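Single-structure report; data block below.
The values are calculated or read from the model by the stated rules, or taken from the named source; none is laboratory data. The structure displayed is predicted, hence computed values, not measured ones. Here Cβ is always computed from backbone atoms with ideal geometry, including for glycine, and neighbour counts include all displayed protein chains. To get the accessible areas, we keep the full protein, side chains included, count just its heavy atoms, and leave off ligands, DNA and RNA. Shrake-Rupley method; radii C 1.70, N 1.55, O 1.52, S 1.80 Å.
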Amino acid sequence: MNSTKGGGPPEEQRRFVERFALLLTDAGMPRMPSRVFACVLADDFGELTAGELADRLQVSPAAISGAVRYLTQVGMLARGRSPGARRDHYAVREDLWYQIYTTRSQALTLWEEVLAEGAEAVGRTSPAGRRLEETREFFAFYREEAAGIMERWAKKRKSNRRTRDSV
């Protein structure tokens, strides 16, 4: 499944990109950003220019422009430029999933605060207040459990890297 900067990806890689993009789309991500993200993720270098993306996905540069804008805004790709290069490249962010879930944890904290305010506003003992409070408790529980998962992932990732580096 290797790809090179000069050539397009093999057919198996194209199938993976489309299949994974479909899963991301089914999960709520827009279609073109899903395809672009899957394409960059499957590249050996983990980075491609807009032109390379357009060629590989057989779409217009305008479609790529909107997709990479979306992906950089949500933090799934980083835009960069090599010294002396004239074109930007789009790369998978280092430790992407850890960063995404850390950001999600911050959002959950805000949700908890607003839900607590909502429960207070409608009356904590009303059916709506109890529902809002249970929702707040769920998000608090999820956030706390996710913090432990992220700590364990960081340790596992470090161990995996040591194992790969020693081979």
Quick one: in region 23-67, of everything that is in contact (Cβ under 8 Å) with a residue 12 or more places away in the chain and assigned to a loop (DSSP other than H, G, I, E, B), which residue is farthest from the chain's Cα centre (by Cα)? V59
Please find, within region 114-167, the residue that is least open to solvent (accessible area, probe 1.4 Å) out of those that are within 21 Å of L96 (Cβ to Cβ) and among the hydroxyl-bearing types (S, T, Y). S159
So which pairs qualify, if the first residue must be in region 107-123 and under 17 Å from E144 (Cα atoms), the second must be part of a helix (DSSP H, G or I) and β-branched (V, I, T), the Cβ gap must be under 8 Å, and the two must be at least 6 apart or on different chains? L115/T135
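In the list T103, T163, which residue meets the criterion of being polar (S, T, N, Q), modelled with pLDDT under 95 and farther than 30 Å from A54 by Cβ?
T163
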Of (1) open to solvent by 30 Å² or more (accessible area, probe 1.4 Å); (2) part of a strand (DSSP E or B); (3) modelled with pLDDT of 95 or more, F20 satisfies every one except (2)
The condition from (1) in a helix (DSSP H, G or I); (2) within 30 Å of E18 (Cβ to Cβ); (3) open to solvent by less than 80 Å² (accessible area, probe 1.4 Å) that Q99 misses is numbered (3)
